[in-house]
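The structure under discussion appears below in the form of structure tokens.
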Amino acid sequence: MIGASGFLGGHVVRLLADDGHDVRALLRPSSSTRSVDGLPVEVVHGDIFDDESIRRAMTGCDEVYYCVVDARPWLRDPAPLWRTNVDGLRQVLDVAITFPQVGKFVFTSSMATIGIAESGLATEVVHHNWSDKGGEYVAARVAAENLVLDYHREHGLPAVAMCVANTYGPGDWLPTPHGRLLSDTLTGAMPFYIRGVASEVVGVRDAARALILAGERGRPGERYIVAERFLSAREINDIACTAIGRRPPALGVPRQVMSAAGAVGEVFARLRRRDNGRLTRQTARLMHVIPRLDHGKAVRELGWQPTPAPEVLREAAIWFDEQARLRREAKRRAE
């Protein structure tokens, strides 16, 4: 398991361990160990730019699950996105092809690599066709997926690409960008919703199970959409706020206003020679270009049965609310 400290990777590790598999996780020495604490997991310290640690992590493994991603589309300098999402991945792939015993290389890709269909829902056969709107982050994710599939075609790596939607659920400690938006809404820090914004949603445990099923049943060289349903920002907020007895934001701000605010923030960041904040023109653009997706292939070929998104969002809301309560209690004790 490479990327075990992340939100999705941590859930993959836990499900594998719960299923009775022998699990080895590659973790950077500086990474959080929350995902593996208390689990019967062998930890190898290193990173994706260290061939020796990658080899130690892969030795004797039947499947490799790769969940490393730099998900910061707001960066002024896109170099870190390309270094982690493409260059680091290439280094891992170069090692992986030297291990013939690896029966499956399960790569965590993104729903952003799926193209916009001319009509109806987009499936895995619709290749990315909106590069003019995606920016450097999406370009790096598309390049990463293409790289993995190239290694399948050119080197015989038994790789599958899992095109994962926005994941929600317990354990989003960092949190993810979409998790932060939800958390801020639940605490009142985000007193409005953004009109014209929608995205595909999936439970993090369901996404983790899809990756494991791909390790067992996925066809090498194939892509699989891992998304449960398409929901607007207002629908997501209404479901989550209701779950914890909070009134959801009633004020809707047009996406164009958020884009203008992002442009102003970019100017100030440039003047102060700092990275952009999380809201930029690019992140605002990404809020509305993701197509509606059809996850039928994962159901048919992998036997995947995802939990309905409203249930997942309610669980996530309860978890975020509990974390906020614990932080308040800790602050009171400190005072």
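Every number here is computed from the coordinates shown, using simple stated rules; none is lab data. Since the structure is predicted, the reported quantities are computational estimates derived from the model, not experimental observations. Note that we place each Cβ from the backbone using ideal geometry, even for glycine, and neighbour counts take in every protein chain shown.
Quick rundown of the values:
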item	result
Rg(Cα) / (2.2 N^0.38 Å) computed for region 279-335, rounded to two decimals	1.83
Over the chain: helical MRE at 222 nm, DSSP H runs n ≥ 4 each giving -39500 (n - 2.57), nearest 500	-13500 deg cm²/dmol
Ranked THR167, THR59, criterion: other C-beta atoms within 10 Å, fewest first	THR59, THR167
Mean Cβ count within 10 Å, highest first, over the residues of peptides 8-20, 187-199	8-20, 187-199
Surrounding net charge for LEU326, when Lys and Arg each add one and Asp and Glu each subtract one, Cβ distance under 13 Å	+3
Listed residues GLY303, GLY179, GLY134, most fluctuating in the chain (Gaussian network, C-alpha, under 10 Å)	GLY303
GluC sites (Glu not before Pro) within region 106-140, DSSP loop, no more than 12 other Cβ atoms inside 10 Å	GLU118
Other-chain or far-sequence residues with amide H under 5 Å of PHE192's (modelled H)	none
3J(HN,Hα) from dihedral phi, region 315-327, Karplus parametrisation 6.51/-1.76/1.60, rounded to Hz, x for glycine, proline	5, 4, 4, 5, 5, 4, 5, 5, 5, 5, 5, 5, 5
Extension gain (nm, one decimal) between ILE318 and LEU174, 0.36 nm per residue minus Cα-Cα	50.2 nm
Vicinal HN-Hα couplings computed from phi for region 297-313 (Karplus, 6.51 cos²θ - 1.76 cosθ + 1.60; Hz; Gly/Pro x)	5, 5, 5, 5, 8, 9, x, 6, 10, x, 6, x, 4, x, 5, 5, 5
For region 1-88, the spread of Cα positions along each principal axis, largest first, Å	43, 25, 22
5 angstrom amide H check on ALA4, placed H, neighbours 5+ away	LEU26
Neighbourhood net charge (12 Å Cβ-Cβ; Lys/Arg +1, Asp/Glu -1) for ASP22	-3
Charge sum, other residues only, whose C-beta stays under 12 Å from PRO308's C-beta, Lys/Arg counted +1 and Asp/Glu -1	-2
The chain: Cα Rg divided by the 2.2 N^0.38 Å rule of thumb	0.98
In Å, descending, principal axis extents of the Cα set of region 94-218	53, 35, 26
Fewest-first ranking of SER32, SER259, using other Cβ atoms within 10 Å as the exposure measure	SER32, SER259
Under Karplus coefficients 6.51, -1.76 and 1.60, residue-wise ³J(HN,Hα) of region 204-216 in Hz, glycine/proline x	5, 5, 5, 5, 4, 5, 4, 5, 5, 5, 5, x, 8
Prolate/oblate/rounded label for region 57-153 (Cα gyration tensor, a/c 1.5)	oblate
Estimated inter-spin distance, ARG217 and SER30, nm [label 7 Å along Cα→Cβ]	4.1
Estimated FRET transfer efficiency (GLU136, ARG332; beta-carbon r; R0 30 Å; 0.05)	0.10
Fewest-first ranking of HIS152, HIS127, using other Cβ atoms within 10 Å as the exposure measure	HIS127, HIS152
For region 64-109: rounded, prolate or oblate by the Cα gyration tensor [a/c cutoff 1.5]	oblate
Three-way shape call for region 192-260 based on the alpha-carbon gyration tensor, with the a/c threshold at 1.5	oblate
